[in-house]
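A.B. asks: Submitted below is the structure of interest, expressed as structure tokens.
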Amino acid sequence: MKVWIIFLLCLAGKALAAPQQEPFEEEFELIEDHEAIAEEEAVVDEVIEETPVGSNPVQVETGEFDEAIEVAEEVPADNPCLNHHCKKGKVCELDDSNNPICVCQDPSTCPASNGEFEHVCGTDNKTYDSSCHFFATKCTLEGTKKGHKLHLDYIGPCKYIAPCLDNELNEFPLRMRDWLKNVLVTLYERDEDNNLLTEKQKLRVKKIFENEKRLQAGDHTLELLAHDFEKNYNMYIFPVHWQFGQLDQHPIDGYLSHTELAPLRAPLIPMEHCTTRFFTQCDADNDKYIALDEWASCFGIKEQYRLEDIVSFFAQDTKRRFIGALHCCGIESVSVVGRFWRTSDPSLALGRVRK
């Protein structure tokens, strides 16, 4: 009997012990799962920490957003000086109110000259490295007697200019008239893009170009030039007035100031020593201006164009056509005529005339 009781107690104890082992195993498995998850999270954290900032496009670090703001910030408004024009010798600066003003340029800020061909000679008989240096210096002398008298005399370093004799002075307009005629004909021939001459001008030059009696460019004697002027007088009227119209721009008033005349006068002086005396003589009333009638008279032209004709024929689109002529013919001056002496085409140079 005792044996059966002990046997039943063992079975009961085994039965009670069996269900207690399964939760223990499940708990052990849960613990292992938690530890695995923790290990995986640790690995993920470690990977994230080791990943360089920026390799993940989603990452944003402190300061990166600020840089984005810098890129996206508004572009500052245009400099007011960009559309503010200053005359030669002055540059634009902004005052305390951010308004553009023109002030004298420091000569030391001018670009260094590339050679003697950029030098200019002032009326003070001093050589300046470039026109920039000259006009900047002149600006600093504004309001003084010296500054009032200082002008750009001619292109190139200062040198001795021989006096112009009376007989040489009489020869000058003969060559100048022929030169102006050849310049216009050459512009007509090269005007493929219609930006060197206006339509009205081209019609006038066309008559000269197609005239069989026209004296071709070349090394002619003074006698031949004088004879051609007398025989074909009408061919010279338009070229002389055309040159006046090209120079009379600031303002268009029928008078040439020293400044307006400079683009033609300055390049010629080193080659033609009578240039200064010729244009001085043109100012018949000594008022420091060459009027339209004085200009025509200097070249022996009797027919007078009215100022209205000058504006109609020569002032239309002048700036654009000046630029076109410079690009076409390889000229670096602001005047079409005043720089043709720099080209290799002999038909465009005043040259020396055989006696």
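Please treat every number below as a calculation from the coordinates, not as lab data. Note that the coordinates shown come from a computational prediction; the quantities given were computed from them, not determined experimentally. Backbone-built Cβ (ideal geometry, glycine too); neighbour counts: all protein chains shown.
A.B. asks: Where the eigenvalues come from the Cα gyration tensor of region 206-284, what are the semi-axes √(5λ) of the equivalent ellipsoid, largest first, in whole Å? Can you show the working numbers first?
C.D. replies: Working: eigenvalues 136, 61, 26 Å².
Sorted largest first and rounded, they come to 26, 17, 11 Å.
A.B. asks: Find how much the distance from ASP293 to ASN234 grows on full extension, using 0.36 nm per residue of separation minus their present alpha carbon separation; answer in nm with one decimal.
C.D. replies: On the way: separation 59, 0.36 × 59 = 21.24 nm, distance 1.70 nm.
The ASP293-ASN234 span can extend by a further 19.5 nm.
A.B. asks: Could you tell me which residue out of ASN232, LEU256, ASN182 lies farthest along the dipole of region 176-284 toward its positive end? Charges go on the beta carbon: Lys and Arg +1, Asp and Glu -1, centred on the Cα centre.
C.D. replies: The residue sitting farthest along the positive end of the dipole is ASN232.
A.B. asks: Restricting the calculation to Cα positions, tell me the Rg (one decimal) and the Dmax (whole number) of region 161-252 in Å.
C.D. replies: 14.6, 43
A.B. asks: Estimate the FRET efficiency between GLN281 and ASN98 by the formula 1/(1 + (r/R0)^6), using the beta-carbon distance for r and 35 Å for R0, to the nearest 0.05. Intermediate results must be reported in sequence, preceding the final value.
C.D. replies: Working: r = 51 Å, r/R0 = 1.45.
Approximately 0.10, to the nearest 0.05.
A.B. asks: Using 7 Å Cα-to-Cβ label points, what is the PHE209/ALA112 separation (nm, one decimal)?
C.D. replies: 4.5
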